[in-house]
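To keep things clear, I will list the structure first and then write my remarks on it.
The values are calculated or read from the model by the stated rules, or taken from the named source; none is laboratory data. Computed from a prediction, not measured in an experiment: that's the story for all the values here. Neighbour counts are summed over all protein chains in view; Cβ atoms, including those assigned to glycine, are modelled from backbone coordinates with ideal geometry. Note: accessible area is taken over every heavy atom of the protein model, side chains too, but ligands, DNA and RNA are not part of it. Shrake-Rupley method; radii C 1.70, N 1.55, O 1.52, S 1.80 Å.
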Amino acid sequence: MFTVIGLLCLGMAVGYPFRNARVFRRLDKSISYTVYVMLFIFGITIGANKGLLEDIGSFGLQALVVAVMTITGSAIASYFAYKLFLKRGGRIEK
């Protein structure tokens, strides 16, 4: 986990000086597609795991509660972020 966070921080530090470079402006679309492909591969990996699929009934209720609470928390946080940042001036200042 610390490796992932460390790499994320390193990437931000390296990318900050290049934020206005024309070369990197096209990366936005490719990053989105990369995330989609990674999620798809992650789904395939989960689907291929026989042990996980056999035990899915044992933690189905826990997974449902965690998913509902996550969605609820995200919706509440986005509501407050909207009220705090967008409702005042109508747009986000840069």
message: Please verify whether Leu64 is hydrophobic (A, V, I, L, M, F, W, C) and surrounded by 10 or more Cβ atoms within 10 Å (Cβ to Cβ), treating the condition exactly as stated.
response: yes
task: Give the stretch 10-22 a look and list any residue that's open to solvent by less than 70 Å² (accessible area, probe 1.4 Å) and under 17 Å from the mean Cα position of the chain (by Cα), or say none.
output: Gly11
